[in-house]
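The next block holds one structure in the form of structure tokens; read it before the comments.
The values are calculated or read from the model by the stated rules, or taken from the named source; none is laboratory data. Bear in mind the structure is a predicted one, so any value in this text is a computation, not a measurement. Ideal geometry is used to build each Cβ from the backbone, glycine not excepted, and the neighbour counts take in all protein chains shown.
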Amino acid sequence: MPALKPTKFSVRVTWLGVVEDRDASLQAAPKPQVMLLFGGVAGEAHGGLTRPSCSRVLAQHPRNTPIANVRQLSVLSAEDLHVIADRMGLPALQPEWLGASMVVEGLPDFTHLPPSARLQAPSGATLVVDMENRPCTLPARPIEAQHPGFGAAFKAAAKGRRGVTMWVEREGAVALGDTLRLHIPDQPVWAHLGAARRG
């Protein structure tokens, strides 16, 4: 029996971007199409098969330990972007300010997709959800440059709406307007999840 279940749910790609030099700026450059390789998006600063561990996994690994890179892409939904902007009191947020790799629309509660869910493109390119992308302060600077006085509000406004981090399972191209089909793990939620989270 297949471990992954194709669903009737899908999303449409509305924006694609590449962060070419993360040290220079988190801001992404818009692209009409990207090539997904096993190391991530071609030319993307967040790419690579490995990455140095960061603050998000310090409970597991000392900082800067080489680990597998399951944060190759930052994917958000247009719906969540609207909610974040509304919480901040802004008319809109541009994906490039957040260093986004991809924006999709059409799937409710996108940020809380189950880990290991897949989004598959017409080319066969397949992305795997690692986990929810927790908000950080890095987008504050580009937001502040466009809307003085608003940058610091991003982190709190984006809580539960920052999208997910993903990695490439199968190579292929993804273009604006592509429909990506959702596939989910065919297993129940672990019965002891609540107890484990409480420690």
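Observations
- Scanning segment 20-40 for residues that are surrounded by 16 or more Cβ atoms within 10 Å (Cβ to Cβ), touching a strand residue (DSSP E or B) at 6+ places or on another chain (Cβ under 8 Å) and at pLDDT below 95 gives a single hit, Ala28.
- Within segment 105-115, the set of residues being closer than 19 Å to Ala78 by Cα and surrounded by fewer than 16 Cβ atoms within 10 Å (Cβ to Cβ) comprises Pro108, Asp109, His112, Pro114.
- Ala92 being surrounded by fewer than 17 Cβ atoms within 10 Å (Cβ to Cβ), farther than 18 Å from Met166 by Cα and of a type in the set (A, V, I, L, M, F, W, C): yes
- Check on Phe38, of a type in the set (Phe, Trp, Tyr) and in contact with an Asp or Glu (Cβ under 7 Å, 6 or more places away or on another chain): yes
- Test: Ala59 is of a type in the set (A, V, I, L, M) and touching a residue at least 24 places away in the same chain (Cβ under 8 Å): no
- The set of residues in segment 54-86 that are more than 22 Å from Pro114 (Cα to Cα) and buried (at least 16 other Cβ atoms within 10 Å of the Cβ) contains only Ala85.
- Subset of segment 57-79 (residues that are within 23 Å of Gly40 (Cα to Cα) and assigned to a helix (DSSP H, G or I)): Val57, Ala78
- Residue pairs meeting the criteria (Cβ under 9 Å; at least 6 apart or on separate chains; first of a type in the set (Asp, Glu), in segment 65-86; second assigned to a helix (DSSP H, G or I)): Glu79/Phe110; Asp80/Phe110; Asp80/Thr111; Asp86/Ala157
- For segment 174-199, a residue qualifies if it is of a type in the set (Asp, Glu) and within 16 Å of Ala117 (Cβ to Cβ), and exactly one does: Asp186.
- The residue pairs whose first member lies in segment 179-199 and is basic (Lys, Arg), whose second member is modelled with pLDDT of 90 or more, and whose beta carbons are closer than 8 Å, counting only pairs six or more residues apart or on different chains, are Arg181/Pro6; Arg181/Thr7; Arg181/Phe9; Arg181/Ser10; Arg181/Leu119; Arg181/Gln120.
- Any hit, segment 84-103, residues being among the small types (Gly, Ala, Ser) and not in a loop (DSSP other than H, G, I, E, B): yes
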